[in-house]
Amino acid sequence: LKARTDVSHWKAKTLDLSPILMKPEVLPQDHTYQQILQDHGLDEALDNKLIELARPAIDYGNEVSATLPVTNINRTVGATLSGVIAKNTGEEGLPDGSIKFTFQGSAGQSFGAFIPSGITLRLSGDANDYLGKGLSGGRIVVRPPIDSATEFVAEENVIAGNVILYGATSGEVFIRGTVGERFCVRNSGATAVVEGVGDHACEYMTGGEVVVLGPTGRNFGAGMSGGVAFIYDPEDEFHRSLNTEMVDLETSIDDEDADFLRDVIRRHDDETGSEVASAILDRWHQQVRYFKKVMPKDYKRVIEAIAAAEEHGQDVEEAVMAAAKG
């Protein structure tokens with residue numbers, strides 16, 4: 001590498017790159033570039049087994065299912081399988097229900113990363129950080145083991161780590177239990193239900209729907225410019241945790257939101273056996289009043305502009321642009 005000498009910008013002219021570009025003196029037997037190939041153990045990755053099991057679905061459109069053990073050395077489970085599917089189908093993925101894998105154990109980082117439509121991964125156990133990173137249409141379900149001790153209370157225990165659904169674009173996640181920090185950071189389209197989150201949830205979120213059926217940490221919604229979040233808040237404490245710089249807190253929800261919530265919570269109950277969801281659904285008309293809605297200010301203004309333009313027969317794109325400029 002060499003530094004250019006013909007740069008005229010006044011900022012660049014003051015840069016001294018010599019410490020970065022200096023070539024160190026080394027002994028003749030030493031090397032400054034790769035000499036030994038590294039074995040990353042990819043031939044031993046769990047995804048090799050998943051691809052083999054999923055071949056009938058990928059090649060012939062048949063539905064497949066299997067139950068497998070998983071440990072925390074199994075990282076990015078589903079990512080390579082997703083790449084194989086993407087080569088065949090592009091962004092479309094497979095029909096819903098094509099591939100259903102159930103895992104038992106403790107999953108390593110990035111479980112379910114990038115999985116597309118057609119893949120459902122169910123985990124009976126717990127997961128590390130980055131669950132569902134880049135989720136692209138697939139479905140992930142996390143719940144405690146069926147044989148958990150009778151005194152185990154799922155909603156009071158952490159079942160998955162930090163930065164869940166980072167950069168997800170679509171799909172859905174149902175988590176029975178609480179999770180770590182930065183839940184749904186940069187989520188841009190996925191739907192998620194969880195029973196408690198740590199600090200900075202929905203940070204920089206731009207789309208999708210998040211439902212939290214339990215407590216939240218501080219700084220919720222920082223930098224959140226799109227999507228919506230619904231918080232079950234029977235103790236009326238959530239407002240203390242919300243960062244209101246870019247979002248508003250709506251303390252009542254309309255019928256459309258209520259219908260969405262009831263449907264997604266019912267699915268969460270069906271998928272995870274959640275006692276929290278079951279209790280809310282059993283007394284729905286009393287419990288629905290405890291939900292608060294986090295709505296980004298700019299996003300709401302754009303939605304209202306679209307509705308007004310459609311009602312009056314105006315150009316929707318021009319209305320959006322005008323609303324976006326404030």
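The values are calculated or read from the model by the stated rules, or taken from the named source; none is laboratory data. Everything quoted here is computed from the prediction, not taken from an experiment. Methodologically, a virtual Cβ is constructed for each residue, glycine included, from the backbone with ideal geometry; neighbour enumeration extends over all protein chains shown. In case anyone asks, the SASA skips ligands and DNA or RNA and just uses the protein heavy atoms, side chains included. Shrake-Rupley method; radii C 1.70, N 1.55, O 1.52, S 1.80 Å.
Some points to look at:
- Between the amide H of Ala229 and those of Val210, Val294, distances stay under 5 Å, these residues lying 5 or more places away or on another chain, with hydrogens modeled in the peptide plane.
- Percent accessible area from carbon and sulfur atoms, the chain, protein chains only, probe 1.4 Å: 48 percent
- Residue-normalised accessible area of segment 47-130, given per residue in Å² at a 1.4 Å probe: 48 Å²
- Listed residues Ile73, Ile303, Ile140, most fluctuating in the chain (Gaussian network, C-alpha, under 10 Å): Ile303
- Computed about its Cα centre, the charge dipole of the chain is approximately 1080 debye, with only Lys, Arg, Asp and Glu carrying charge at their Cβ.
- With both labels modelled 7 Å from their Cα along Cα-to-Cβ, the Lys325 to Gln38 distance reads 5.0 nm.
- Under the criterion of Cα pairs below 8 Å and six or more residues apart, the relative contact order for segment 182-313 equals 22 percent.
- Neighbour net charge for Ala57 - beta-carbon separation under 12 angstrom, K R +1, D E -1: -2
- Relative contact order %, the chain, counting alpha carbon pairs below 8 Å whose residues are six or more apart: 9 percent
- Environment charge at Pro234 (Cβ cut-off 14 Å; Lys +1, Arg +1, Asp -1, Glu -1): -3
- Among residues other than Ala190 with Cβ under 13 Å from its Cβ, the summed charge is +1 (Lys and Arg +1, Asp and Glu -1).
- Taking amide H as placed 1.01 Å from N in the peptide plane, the amide H of Val247 sits under 5 Å from that of Lys297, each at least 5 places away or on another chain.
- Once the chain from Glu318 to Leu68 is taken as fully extended at 0.36 nm per residue, the excess over their C-alpha distance is 84.8 nm.
- Per-residue extension of 0.36 nm, minus the Cα-Cα distance of Thr150 and Ser18, leaves a gain of 41.1 nm for this segment.
- Backbone HN-Hα couplings from phi across segment 180-192 [Karplus 6.51/-1.76/1.60, Hz, Gly and Pro as x]: x, 8, 6, 5, 6, 4, 6, 4, 10, x, 7, 9, 9
- Gyration tensor verdict on the chain (Cα atoms; rounded if a/c is under 1.5, prolate if a/b is larger than b/c, oblate otherwise): oblate
- When Lys13, Lys325, Lys293, Lys100 are compared by accessible area at a 1.4 angstrom probe, the order from most to least is Lys325, Lys13, Lys100, Lys293.
- Rounded to 5, the percent of DSSP beta bridges in the chain classed as antiparallel: 15 percent
- Projecting the Cα atoms of Leu68, Ala57, Ala86 onto the charge dipole of segment 1-86 (Cβ charges, centred on the Cα centre) puts Ala86 farthest toward the positive pole.
- Tally of Lys pairs whose C-alpha atoms are under 19 Å apart, taken over the chain, 8 or more apart or cross-chain: 9
- Of all beta bridges that DSSP places with both ends in segment 217-297, some 90 percent have antiparallel geometry.
- Accessible-area value, Ile58, 1.4 Å probe, nucleic acids and ligands omitted, Å²: 20 Å²
- Gly171 long-range amide H proximity, modeled H, under 5 Å: Gly137, Thr191
- Dividing the mean sequence gap of close Cα pairs (under 8 Å, 6+ apart) by how many residues segment 1-114 holds gives a relative contact order of 27 percent.
- A full extension of the chain between Asn48 and Glu304 corresponds to an added length of 87.3 nm, given 0.36 nm per residue minus the alpha carbon distance.
- Considering only beta bridges that DSSP places wholly inside segment 48-201, some 5 percent are antiparallel.
- Phi-based couplings in Hz for segment 21-32 (Karplus 6.51, -1.76, 1.60; Gly and Pro marked x): 8, 4, 9, x, 7, 10, 5, x, 7, 8, 9, 10
- Karplus-based coupling profile of segment 99-113, in residue order and whole Hz: 10, 10, 10, 10, 10, 10, x, 10, 7, x, 4, 6, 4, x, 4, with θ = phi - 60° in 6.51 cos²θ - 1.76 cosθ + 1.60 and x standing for Gly or Pro.
- Longest DSSP-loop-exposure-free segment, GluC sites (Glu not before Pro), the chain, at most 14 other Cβ within 10 Å: 64-150
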